[in-house]
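Have a look at the structure below before the remarks.
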Amino acid sequence: MLYNDHNTMKNLSMMLFALIFALYSAETQAQEITILTKDVQLSMSLGKDGKLYQSYFGTRFNDAYNPDAKSHEAYIAWGMSDLFEPALRVSHSDGNPALALVYVRHSSSKDTDGSTLTRIDLRDTLYPVDLTLFFASYYEENVIRAWSEIRHREKGELTLNSFASNMLHFDGGDYHLTQFHGDWAEEMQMQTSRLTSGIKIIDSKLGSRAQMYQTPVFMLSIDGTSNETSGRVLAGTLEWSGNFRFLFELDPHNSLRLISGINPFASEYRLPAGKSFRTPAFVFTYSDVGRGKASRNLHRWARRFGILDGTKPRMTLLNNWEATYFDFDEVKLKNLFTDAKKLGVDLFLLDDGWFANKYPRNDDHAGLGDWEPNSKKLPGGIGALVNDARSKDLKFGIWIEPEMVNPKSELYGKHPEWIMRLPGRAEHYFRNQMVLDLPNPQVQNFVFGTVDKIMSENPDVAFIKWDCNRMMTNTWSPYLKNKQSHVFIDYQMAFYDVLAQVRAKYPHLPMMLCSGGGGRVDYGALKYFTEFWPSDNTDGLERVYIQWGYSYFFPAVAMSAHVTSWGRQSIKFRTDVAMQGRLGFDIDLKHLNERELAFCSAAVANYKRLSEVIMQGDLYRLVSPYDENRAVLMYVDSARNRAVLFAYTLNSRYGEEFAKVRMQGLDPAATYTIREINVFGNDHRTNDVRASGDRLMKEGLSVSPQQPLTSRVYEISRD
Ligand code: DGJ
């Protein structure tokens with residue numbers, strides 16, 4: 001191969017650069033970099049070769065650094081000597097596909113949110129490419145957020161082929177992965193399988209409604225399976241609402257590498273010199289006493305840091321989606337306001353169908369994009385509704401789906417250049433709609449403007465439900481022109497930019513993250529949202545499973561749960577299930593008899609008394625619906641003074657007797673009174689029980705009713 005002078009000089013200077021690095025690294029090789037929380041430790045050390053190694057991950061210990069610990073290169077780039085899946089793969093501007101990253105420096109400081117931020121700088125030995133690994137550790141919560149940032153000073157663009165947020169290594173014996181897959185109305189079905197040699201991937205390629213089939217969450221049990229109270233388990237999730245990928249590769253030596261980040265599928269990213277590319281954070285926690293603690297770690301972190309206003313109370317509400325669908329007018333809605341008052345809820349939420357005039361939104365074929373109140377249905381506009389609600393001392397909220405357009409809309413005619421579709425090919429619809437080209441700043445203004453217009457015309461609007469009913473297919477962005485491989489990433493970045501704009505102007509407006517059910521539930525978006533809609537499936541029995549699945553990763557304060565007419569269970573069962581989250585109703589009260597209505601409004605009052613325990617307390621999952629014909633769970637406040645226990649019997653076989661349930665999280669030295677609440681009508685209330693926390697946790701109590709599809713709720717108070 002022939003080199004010209006310029007190349008020879010370039011190569012010489014690169015070699016010098018590499019040599020300086022090697023010397024520098026040799027000097028610093030004895031160092032250990034430790035990322036610590038109260039109970040978890042992630043240690044990295046520098047090898048003689050200048051590379052960064054993960055030397056330990058697991059329960060925290062106090063020993064000094066062990067230079068002989070088995071280690072794996074911490075964040076592996078592709079193209080050199082590694083034989084398995086890389087965390088990072090790039091193509092340099094000259095076509096060279098390799099990176100060899102060595103340690104440069106690291107530092108650690110307190111971040112503004114109280115976390116400790118560790119940054120480790122790495123650099124390629126030949127090309128001017130820099131990579132920084134970031135770790136934010138939340139000491140009390142035992143949670144670590146990890147992300148990476150890449151920059152370069154090459155002449156042309158650097159192409160990022162894959163770019164993980166984080167890579168972790170395990171040397172356990174027997175790995176089991178628990179994943180949460182689903183579909184519309186079947187979200188968060190939990191499946192556990194043993195990892196076998198090779199690669200297992202959980203991912204999404206759906207773009208806007210990215211999580212329709214898979215939520216970006218998982219639990220990895222390291223030494224055999226785990227349960228609620230035993231086993232070594234890592235719980236992980238990604239702060240990203242778009243395409244994600246968790247990749248697990250088990251090698252011939254039984255070492256497992258876990259690579260988490262944006263899904264690189266169809267997403268090569270061309271990075272100009274001087275710009276940096278920052279990945280979303282991989283959020284994870286670790287527990288050596290099972291899944292229960294891992295969930296509580298994540299919940300505590302999420303309430304303080306992951307969810308907007310996660311430590312604040314939430315409003316109960318009446319929603320009209322299932323009560324009316326698109327068939328309503330001002331009079332009907334005002335009657336529903338009266339229903340909301342009868343129930344005693346705080347807010348009325350007006351759902352889909354209130355907008356568009358030329359192509360009225362009377363079903364899901366028309367109107368999306370035309371965010372003017374429909375003058376036939378709502379002659380007084382939103383203002384009349386807000387005023388009427390106010391006069392009834394009720395708050396008012398409203399539904400929008402601002403990222404979408406129906407071909408039957410004025411927007412479609414006015415701004416064809418704002419719509420994503422493949423040139424020269426037939427349009428593809430899902431729920432009769434298309435996705436707007438959010439990377440386009442004009443579209444971002446339009447989406448922000450949709451919220452801003454509602455809010456500035458009606459400053460009393462107190463809640464927004466933000467829906468997103470389709471994924472991206474036949475995707476082509478008119479704005480991105482020859483950078484189509486940026487579309488999935490730029491869409492999400494633009495989504496967050498718009499949300500940041502909304503939050504700059506309306507910092508505390510409660511907003512529900514909804515996506516045709518639970519198609520978008522993640523901590524990337526929840527920074528901007530106060531809650532999420534888990535599923536359109538509100539059948540009480542189904543919800544026991546769906547909410548159980550979400551509860552591994554998301555706290556009750558963020559989980560909207562509505563009582564509807566879906567499901568053949570009693571109103572008591574459905575209400576008891578919905579009390580596990582942010583309680584709401586979506587039901588025409590005409591379908592309830594007097595006793596049922598009285599039950600519901602009493603349940604709302606109970607809920608208001610107990611919601612702080614449910615939303616801010618520690619969750620203990622006591623009996624899993626995946627193990628038995630029932631589910632039992634309890635929430636305990638931080639002082640261990642108050643608790644709420646929910647027991648749902650799903651089915652029962654002839655002669656089946658449910659065992660006593662041992663509680664958790666109580667103070668063993670305290671005495672508690674356990675009282676059944678939410679008793680329907682004149683039904684028999686179980687007798688109060690007084691017992692020590694010790695006894696309740698060791699002997700347990702019979703809490704489950706015998707009949708299928710019945711439930712009990714207990715209020716537990718320290719004497
Ligand atoms: C899907 C949501 O999940 C529902 O709750 C409802 O808002 C409909 N969209 C309205 O079109």
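Any read-out appearing in this document is the output of simple, stated calculations on the displayed coordinates, not a laboratory observation. Note that the coordinates shown come from a computational prediction; the quantities given were computed from them, not determined experimentally. Cβ atoms come from the backbone with ideal geometry, glycine included; neighbour counts cover every protein chain shown.
List the residues of the range 480-500 whose backbone N lies under 17 Å from a point placed 7 Å from the Cα of T112 along the Cα-to-Cβ direction.
From the range 480-500, the list is 497, 500.
Going by amide H atoms built from the backbone, whose H comes under 5 Å of the H on L126, apart from near neighbours?
It is A100, by chain and number.
Once you order the gyration tensor axes a ≥ b ≥ c over the Cα atoms, which shape class does the range 433-539 get: rounded for a/c under 1.5, otherwise prolate or oblate by comparing a/b with b/c? List each step's numbers first, then the result.
Values: a/c = 1.98, a/b = 1.27, b/c = 1.55.
Taking the square roots of the gyration eigenvalues as a ≥ b ≥ c, the range 433-539 is oblate.
Run the quick spin-label model on A500 and K342: label points 7 Å from Cα toward the beta carbon, then report their separation in nm to one decimal.
The answer from the label model is 4.7 nm.
When the Karplus curve 6.51 cos²θ - 1.76 cosθ + 1.60 is applied with θ = phi - 60°, which whole-Hz ³J(HN,Hα) does each residue of the range 123-140 get, with x for Gly and Pro?
Calculated HN-Hα couplings, in order: 8, 6, 7, 10, 10, x, 10, 10, 10, 10, 9, 10, 9, 9, 10, 9, 4, 5 Hz.
Given points 7 Å out from each Cα along the Cα-Cβ axis, report the D63 to D364 separation in nanometres with one decimal.
It is 5.8 nm.
Which shape class, rounded, prolate or oblate, goes with the chain when its Cα gyration tensor gives a ≥ b ≥ c as root eigenvalues, a/c under 1.5 marks rounded, and past that a/b bigger than b/c marks prolate? Write down the numbers at each step before the final one.
Details: a/c = 2.33, a/b = 1.30, b/c = 1.80.
Because a/c hits 1.5 or more and a/b fails to exceed b/c, the chain counts as oblate.
Given a Förster distance of 22 Å, report the FRET efficiency between T229 and D171 from their Cβ-Cβ distance, rounded to the nearest 0.05.
Here the calculated transfer efficiency is 0.35.
Sorting check: for 388-398, 548-558, which peptide has the highest mean count of neighbouring beta carbons within 10 Å, and how do the rest follow?
Numbers: 388-398: 18.3, 548-558: 25.1.
In descending order of packing, they fall as 548-558, 388-398.
Counting Lys +1, Arg +1, Asp -1, Glu -1, what net charge surrounds V283 among other residues with beta carbon under 14 Å of its beta carbon?
+1
Excluding residues fewer than 8 places away in the same chain, name every one of the aspartates and glutamates whose C-alpha is closer than 13 Å to that of K155.
By straight Cα distance, K155 reaches D94.
Mind giving me the FRET efficiency for D329 and R685? R0 is 45 Å, r the Cβ-Cβ distance, nearest 0.05 is fine.
So the FRET efficiency works out to roughly 0.60.
Among the listed pairs K334/K608; K312/K465; K332/K358; K205/K527; K200/K481; K376/K608, which have their C-alpha atoms separated by more than 26 angstrom in this model?
K200/K481; K376/K608
Could I have the simple spin-label model distance between Q706 and D121, label points 7 Å from Cα toward Cβ, reported in nm to one decimal?
7.2
If each residue of separation counts as 0.36 nm, what is the full-extension length gain between D251 and E149 once their alpha-carbon separation is subtracted?
Working: separation 102, 0.36 × 102 = 36.72 nm, distance 2.72 nm.
Fully extending the segment from D251 to E149 adds 34.0 nm.
Where the centre of each part is set by its Cα atoms, how far does the range 267-310 sit from the range 123-178, in angstrom?
Answer, in whole Å: 13.
Order of 643-652, 529-538, 411-420, 710-719 by packing, highest average Cβ count within 10 Å first?
Per-residue mean Cβ counts within 10 Å order the peptides as 529-538, 643-652, 710-719, 411-420.
Please say if the range 476-617 is rounded, prolate or oblate, where rounded means a/c under 1.5 for a ≥ b ≥ c the square roots of the C-alpha gyration tensor eigenvalues, and otherwise the choice is prolate for a/b larger than b/c and oblate otherwise?
Prolate, because a/c is 1.5 or more and a/b exceeds b/c.
At 0.36 nm per residue, and after removing the present C-alpha to C-alpha distance, how many nm does the segment from D460 to I199 gain when stretched out fully?
88.8 nm
Would you mind putting 34-43, 280-289, 363-372, 504-513 in packing order, based on average other-beta-carbon counts within 10 Å, highest first?
The peptides rank, most packed first, as 280-289, 363-372, 34-43, 504-513.
Could you name the lysines whose alpha carbon sits less than 28 Å from that of K660, not counting residues in the same chain fewer than 8 places away?
K293, K572, K698
Taking the 0 to 90 degree range and rounding to the nearest ten, how far is the long axis of helix 487-505 tilted relative to the main principal axis of the chain, both from C-alpha atoms?
Tilt relative to the chain: about 60 degrees.
Between F430 and E699, what FRET efficiency comes out of the Förster formula 1/(1 + (r/R0)^6) with R0 = 45 Å and r the beta carbon distance, rounded to 0.05?
Values: r = 54 Å, r/R0 = 1.19.
Plugging the Cβ-Cβ distance into 1/(1 + (r/R0)^6) gives 0.25.
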